[in-house]
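Remarks on the structure that follows.
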There are 2 protein chains.
Amino acid sequence: MDTDALATRLLDGDRRALSRAITLVESARADHRAAAVKLLARVADPARQALRIGLSGTPGVGKSTFVDAFGTRLTGQGLRVAVLAVDPSSTRSGGSILGDKTRMDRLARDPAAFIRPSPSQTELGGVARRSREAIALCEAAGFDAVIVETVGVGQSETMVARMTDLFVLLLAPGGGDELQGVKRGIMETADLILINKADGALTAQAQATRADYAGALRLLRRRDGDPDGFPKALAVSAVSGDGLDTAWKEMQVLAAHRRDTGHWDRTRAAQNRHWFEDAVRQGVMRHLGSDPATRDAMDALGRAVADGRTPPGAAAEQMLATLLGSARDRAAGGHGTG
Amino acid sequence: MDTDALATRLLDGDRRALSRAITLVESARADHRAAAVKLLARVADPARQALRIGLSGTPGVGKSTFVDAFGTRLTGQGLRVAVLAVDPSSTRSGGSILGDKTRMDRLARDPAAFIRPSPSQTELGGVARRSREAIALCEAAGFDAVIVETVGVGQSETMVARMTDLFVLLLAPGGGDELQGVKRGIMETADLILINKADGALTAQAQATRADYAGALRLLRRRDGDPDGFPKALAVSAVSGDGLDTAWKEMQVLAAHRRDTGHWDRTRAAQNRHWFEDAVRQGVMRHLGSDPATRDAMDALGRAVADGRTPPGAAAEQMLATLLGSARDRAAGGHGTG
């Protein structure tokens with residue numbers, strides 16, 4: 001099917017078209033990439049915005065069960081929900097995501113929902129582009145909420161936070177050492193910290209954990225333009241459903257407030273600009289790296305710099321002279337860069 | 001004085017030579033830059049390592065008084081201490097640092113100490129390089145500890161954390177809303193959180209604040225290879241001196257542990273590599289930006305991307321085609337990049 005036909009069906013909200021479109025943006029083949037870029041440009045529409053929810057949580061916290069229950073609440077309100085999984089560790093993606101999908105069986109059978117596993121991928125930059133473009137496709141397909149779930153490997157939360165409107169951290173109840181479970185940087189990325197499993201025997205412990213995190217969050221400066229009380233910590237139960245409506249209400253309050261203050265548009269603009277400049281930087285570096293001599297020079301200098309033999313500045317000067325020498329000549333020669 | 005003579009005197013620990021060397025690395029003049037790169041390469045010695053201490057704290061917390069008291073403790077133990085101020089906001093640097101220096105009058109008169117204000121600077125990238133190189137010069141001059149103080153504007157803590165061995169956050173006692181003073185990302189960057197002004201009427205409040213932060217830090221996962229109990233929160237008083245020895249002891253414990261586990265070397269290697277790659281990236285982007293047509297294209301595409309009209313990927317493809325088109329031809333043409 002050609003790009004225009006795919007775009008038309010995508011804009012109509014066709015889930016199979018969305019699936020095919022995402023497969024296209026995930027492909028590394030040059031012709032696929034060209035078609036993907038064309039498709040994304042074709043369906044780009046600033047007016048179609050979903051609420052992009054980043055969701056992170058350590059394994060065992062019940063992320064899939066939460067997404068299944070939470071997503072079903074949203075579709076129950078007539079909203080269309082897309083779930084994208086981001087797992088930079090290719091080794092894990094296969095298994096974990098397969099598991100995730102089977103654990104989201106209500107949502108998986110829901111015609112108002114779309115669940116997409118993470119593409120096997122090792123290079124984070126690649127994951128970032130593919131995830132970002134998959135989100136854009138879900139928005140083009142008219143989904144109201146896009147939940148971007150990450151397993152929280154390495155830098156993936158930061159990456160997901162940079163492509164979502166609000167970030168939710170899902171935690172399990174815990175005490176003492178178990179509490180040392182929040183990876184650095186995440187607590188301060190989160191807009192909402194949800195303590196899951198607030199049901200049965202764990203209810204009290206979940207409430208206590210919630211209070212601990214609420215206290216910790218109070219030590220952080222409020223984000224510019226956020227309403228009082230954010231970031232918040234809430235106790236929820238994906239099993240009993242307790243707190244899910246409150247969590248959704250809080251997300252809407254925060255989103256509405258950010259829309260009103262202009263924070264929403266500013267953030268999206270900054271995110272788009274970031275990904276554009278990031279893609280240019282990566283493209284340039286990739287181009288440099290594609291020249292074996294350049295790559296070898298970068299590696300050799302990188303090693304010399306790492307063990308302190310060569311100062312970073314001197315190594316960079318050497319590298320830049322090699323890299324840009326001919327480019328400078330070219331510019332001087334007046335051939336331009338166009 | 002030529003570079004070799006300057007290098008020799010610097011390696012002898014001459015403070016005036018250090019001052020001149022830092023002025024050299026701070027200069028934007030091309031010939032100065034060339035000399036600076038030569039000098040840094042000349043004095044690079046992996047065996048000369050100071051303990052690099054990043055220090056951040058909001059204005060009014062008593063940072064300068066703390067550095068004066070803390071630094072004097074170290075020189076009192078026969079250590080040589082350098083203090084570098086990093087202030088990315090050129091508008092503030094002049095005033096604030098001048099003030100700082102006068103508030104560090106004991107240390108300023110101490111022959112075993114070296115205090116260097118931040119260069120007026122607007123561009124963070126430039127501050128990073130200059131600060132990093134100034135640290136390297138202090139190490140070459142044989143200082144035992146280099147305290148890199150930042151006023152904590154924007155990304156400056158992250159930057160300072162990336163060029164130091166351990167990071168200290170200095171806070172004032174506070175309760176309730178005053179506690180919301182920690183800028184996001186910093187609490188999780190800190191190895192030690194010191195609650196200053198634990199003296200007189202504020203002693204009890206400082207201890208309570210310390211407990212609050214200790215509780216919050218317990219919610220964070222411990223850094224790989226760090227000993228139990230880190231990051232820690234301590235109460236200190238720059239005025240009475242209480243807690244300063246403990247703070248120094250804790251820093252030494254952490255540093256020793258990181259040395260033993262190899263974490264120290266790995267971190268320094270990663271930092272050096274980061275700054276090398278960062279310098280190459282910046283150099284390449286700067287080169288691209290130096291071509292007016294390129295800069296205009298980046299700006300125009302950046303605006304189109306920001307308001308959602310153009311997808312980041314498509315914009316990047318356009319930009320890369322423009323940028324690398326001739327480079328690709330050149331490579332294909334076999335001229336290489338050397």
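Panel values: chain B, Kirkwood radius from alpha carbon pairs, Stokes-Einstein at 37 °C and 0.692 mPa s, translational diffusion coefficient 150 µm²/s. Span-like helix criteria (full DSSP H runs; alpha carbon extent of at least 30 Å along the helix axis; mean Kyte-Doolittle hydropathy of at least 0.5) are satisfied in chain B by no helix.
Between chain A and chain B, the total buried accessible area stands at approximately 6200 Å², from heavy atoms with a 1.4 Å probe. Comparing B:Arg116, B:Arg223, B:Arg103 in a Gaussian network model of chain B (Cα springs below 10 Å), the most mobile by mean-square fluctuation is B:Arg223. Interface residues of region A:274-295, defined as those with an accessible-area decrease of at least 40 Å² between the chain by itself and the complete set of protein chains (probe 1.4 Å), are A:Phe276, A:Val280, A:Arg281, A:Val284, A:Met285, A:His287. With 0.36 nm allotted per residue and the present C-alpha distance subtracted, the B:Arg20-B:Ala201 stretch has 60.7 nm of extension available. Considering only B:Ala21, B:Met187, A:Gly54, the residue lying farthest towards the positive end of the dipole of the protein assembly as shown is B:Ala21, judged by Cα position with unit charges set on Cβ. One Cα centroid belongs to region A:279-329, the other to region B:27-61; the line between them spans 21 Å. Here region B:1-44 is assigned +1 on the Cβ of each Lys and Arg and -1 on the Cβ of each Asp and Glu. Its dipole about the Cα centre then comes out at about 80 debye.
Per residue, the protein assembly as shown exposes 40 Å² of accessible surface when a 1.4 Å probe is rolled over the protein heavy atoms with every protein chain present.
Inter-copy label distances at B:Gly126, using a point 7 Å along Cα-to-Cβ, come to 3.9 nm with the shortest given first.
For region B:17-58, accessible area lost to neighbouring protein chains reaches 40 Å² or more, against the chain alone with a 1.4 Å probe, at B:Val37, B:Pro46. Farthest toward the positive end of the dipole of chain A, out of A:Gln205, A:Val305, A:Trp248, is the Cα of A:Val305, where the dipole comes from beta carbon charges about the Cα centre. Under a model in which nothing but the beta-carbon of Lys, Arg (+1) and Asp, Glu (-1) is charged, chain A shows a dipole of about 340 debye around its Cα centre.
Relative protection proxy for B:290-296, B:167-173, A:36-42, from highest mean packing down: B:167-173, A:36-42, B:290-296 (other beta-carbon atoms within 10 angstrom). With one equal scatterer per alpha carbon and no solvent term, the Debye-computed log10 I(q)/I(0) for the protein assembly as shown at 0.06, 0.08, 0.09 1/Å reads -0.38, -0.68, -0.86. Once backbone amide H atoms are built at 1.01 Å from N, A:Ala238 has A:Lys197, A:Ala198 as its partners under 5 Å, excluding neighbours fewer than 5 places away on the same chain. Within the listed set A:Ala30, A:Ala112, A:Ala256, the residue fluctuating most in the Gaussian network model of chain A (springs between alpha-carbon atoms under 10 angstrom) is A:Ala30. Taking only protein heavy atoms and a 1.4 Å probe, the accessible area of the protein assembly as shown is 53% carbon and sulfur. In this Cβ point-charge picture (+1 for Lys and Arg, -1 for Asp and Glu), the protein assembly as shown has a dipole of about 620 debye about its Cα centre.
Taking amide H as placed 1.01 Å from N in the peptide plane, the amide H of A:Val86 sits under 5 Å from that of A:Glu149, A:Thr150, A:Val151, each at least 5 places away or on another chain. Pairs from the table (A:Lys38/A:Lys63; A:Lys197/A:Lys249; A:Lys197/B:Lys232; A:Lys63/A:Lys249) lying more than 26 angstrom apart at Cα are A:Lys38/A:Lys63; A:Lys197/B:Lys232. Close amide H pairs (under 5 Å, H built 1.01 Å from N) link A:Phe114 with A:Val81, A:Ala82, A:Val83, residues at least 5 positions away or on another chain. Taking B:Thr72, B:Thr310, B:Thr164 as the candidate residues, the one with maximal mean-square fluctuation in a Gaussian network model of chain B, Cα springs under 10 Å, is B:Thr310. Within region A:219-241, the residues that become at least 40 Å² less accessible when every protein chain is included than when their own chain is isolated (1.4 Å probe; DNA, RNA and ligands ignored) are A:Leu219, A:Leu220, A:Arg221.
Helices in the protein assembly as shown, meaning DSSP H runs of at least 4 residues, each add -39500 (n - 2.57). Divided by all residues, the mean residue ellipticity at 222 nm is -18000 deg cm²/dmol.
The values are calculated or read from the model by the stated rules, or taken from the named source; none is laboratory data. Not measured: the values here are computed from a predicted model. All Cβ positions, glycine included, derive from the backbone under ideal geometry; neighbour counts span all protein chains shown. When the accessible area is computed, the model is the full protein with side chains, heavy atoms only, and any ligands, DNA or RNA have been set aside. Shrake-Rupley method; radii C 1.70, N 1.55, O 1.52, S 1.80 Å.
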